[in-house]
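**Student:** Structure provided below as structure tokens; questions to follow.
Readers should treat all values here as calculations from the given coordinates under stated rules, not as data from a laboratory. Treat the numbers as computed from the prediction; the structure is a model and nothing was measured. Cβ placement follows ideal geometry from the backbone for every residue including glycine, while neighbour counts extend to all protein chains displayed.
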Amino acid sequence: MNEYNRPLAGKVALVTGGSRGIGRGIALALAKAGAKVAICHPGDERAAQTLAELQQYGEALERCADVTSEAAMVALFDQVCTLLGTPDIVVSNAGILHEAPLVETSAADFDRVLDVNLRGCFLVNREAARRMKSGRIINIASDLALLGRERMTAYCASKGGVISLTRSLARELAPHILVNAIAPGSIDTDMTSVDSMSPEALAKDLATPLARFGTVEEIAATARFLAGPEAGFITGQCFGVNGGSVMY
Ligand code: NAP
């Protein structure tokens, strides 16, 4: 291993929702690139397995911490700073999906989605900004923020907020901290599982120029690029890794 294939050696990264799915993929990509990686999750039994995988590449830690809890996020960042060092790379990835027609969406449903997806992103970005002197913040949005999707109004609104938050914070934290978003298209994870989708929903997700789901590795490679030395002139952007579903 050398500097070329471990460009993040000596860096500390924190990935929220890193126990499974896209977050796990990003955490592994950053660890393989040499970063010490911390992940958090609200209580996923797969976190121990992900931690063991991360530790094959170097120092890592996992914490049970809910992004909707201000106290938990403050404590998480304090622990990462103490045990691994001040983060250089923070990925706000934790998210949930709620699917229902708007007229059947309760205010509590709406609040829950906004709480995890947008307020959680705010808390993570704020704790990162309070501690980081330089580095990268990467927020995971969604192509649906730009496309809109029936029966997913709360989710789309929350991810639109993530993109706006990213742009404002990129201005506020320049020039030392670069802040970008990734807006994935459909990726085969527990959240959007090909096996559990109705034929109608699947057809809609496949109606893109590339006509396929993306992979966790394709999102992780984009995050690794944004975290690395080649991305030093990029801030305030939203990267569509989406098979052409949205063209910027
Ligand atoms: P996933 O497989 O459902 O994984 C979600 C992750 O977030 C899990 O690790 C989960 O932990 C964690 N999480 C959920 N609520 C949390 C909370 N309150 N605090 C901390 N962690 C929490 O989803 P995914 O597909 O990997 O999605 C990851 C991100 O990509 C999300 O922001 C999602 O909106 C976005 N995205 C996904 C797709 C897609 O097609 N999959 C497309 C566009 C955007 P537990 O396992 O403990 O619940």
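**Student:** Tell me what the chain gives for mean residue ellipticity at 222 nm when only DSSP H runs of n ≥ 4 count, each as -39,500 (n - 2.57), the sum divided by the residue total, rounded to 500 deg cm²/dmol.
**Tutor:** Values: 9 runs with 100 residues, N = 248.
Rounded to the nearest 500, it is -12000 deg cm²/dmol.
**Student:** For segment 12-239, take N as its residue count and report Rg(C-alpha) divided by 2.2 N^0.38 Å.
**Tutor:** Dividing the Cα Rg of segment 12-239 by 2.2 N^0.38 Å gives 0.96.
**Student:** Loop-only trypsin sites (Lys or Arg not before Pro) in segment 22-62, please: DSSP not H, G, I, E or B, and at most 15 other Cβ atoms within 10 Å.
**Tutor:** 46
**Student:** So which trypsin sites (Lys or Arg not before Pro) in segment 106-137 end up in coil per DSSP with only 12 or fewer other C-beta atoms within 10 Å? Please report the intermediate quantities before stating the final value.
**Tutor:** Details: sites: 112, 119, 126, 130, 131, 133, 136; in loops: 133.
In loop regions of segment 106-137 (DSSP not H, G, I, E or B), the sparsely surrounded trypsin sites (Lys or Arg not before Pro) are 133.
**Student:** What GluC sites (Glu not before Pro) in segment 176-222 are in a loop by DSSP, with at most 14 other Cβ atoms within 10 Å of the Cβ?
**Tutor:** Answer by residue number: there is no such site.
**Student:** Which order do 57, 4 fall in if you start with the one that has the fewest other Cβ atoms within 10 Å?
**Tutor:** 4, 57
**Student:** Same structure again: Using the Kyte-Doolittle scale, which helices in the chain average at least 0.5 and also have C-alpha atoms spread 15 Å or more along the helix axis, with helices defined as whole DSSP H runs? Could the numbers behind the result be given before it?
**Tutor:** Details: long enough: 21-32 (17 Å, 1.03); 70-83 (20 Å, 1.24); 120-131 (17 Å, -0.33); 153-173 (30 Å, 0.27); 216-227 (16 Å, 0.86).
Taking the DSSP H segments of the chain (at least 15 Å long, mean hydropathy at least 0.5), we get 21-32, 70-83, 216-227.
**Student:** Right, another one. Work from the charge dipole of the chain (Cβ charges, +1 for Lys and Arg, -1 for Asp and Glu, about the Cα centre) and give the residue of 234, 33, 22 farthest towards its positive end.
**Tutor:** The Cα lying farthest towards the positive end belongs to 234.
**Student:** What nm distance separates the two modelled labels at residue 193 and residue 81, each placed 7 Å from Cα along Cα→Cβ?
**Tutor:** 3.9 nm
**Student:** With label points built 7 Å along Cα→Cβ from the Cα atoms of residue 151 and residue 176, find their separation and express it in nm.
**Tutor:** According to this spin-label approximation, the distance is 4.8 nm.
**Student:** OK, next. So, R0 is 35 Å and r is the distance between the beta-carbons of residue 108 and residue 48; what FRET efficiency does that work out to, to 0.05?
**Tutor:** The formula returns an efficiency of 0.65 here.
**Student:** Could I ask something else about it? Which three extents, in whole angstrom, do the alpha-carbon atoms of segment 115-158 cover along their principal axes, largest first?
**Tutor:** Taking max minus min along each principal axis of the Cα atoms, segment 115-158 gives 41, 18, 8 Å.
**Student:** Moving on. In terms of modelled amide H atoms, which long-range or inter-chain residues lie less than 5 Å from the amide H of residue 214?
**Tutor:** 186, 187, 188
**Student:** Determine the dipole magnitude for segment 12-239: charges of +1 sit on the beta-carbon of Lys and Arg, -1 on that of Asp and Glu, nothing else is charged, the reference point is the Cα centre, and the result goes in debye to the nearest 20.
**Tutor:** 760 debye
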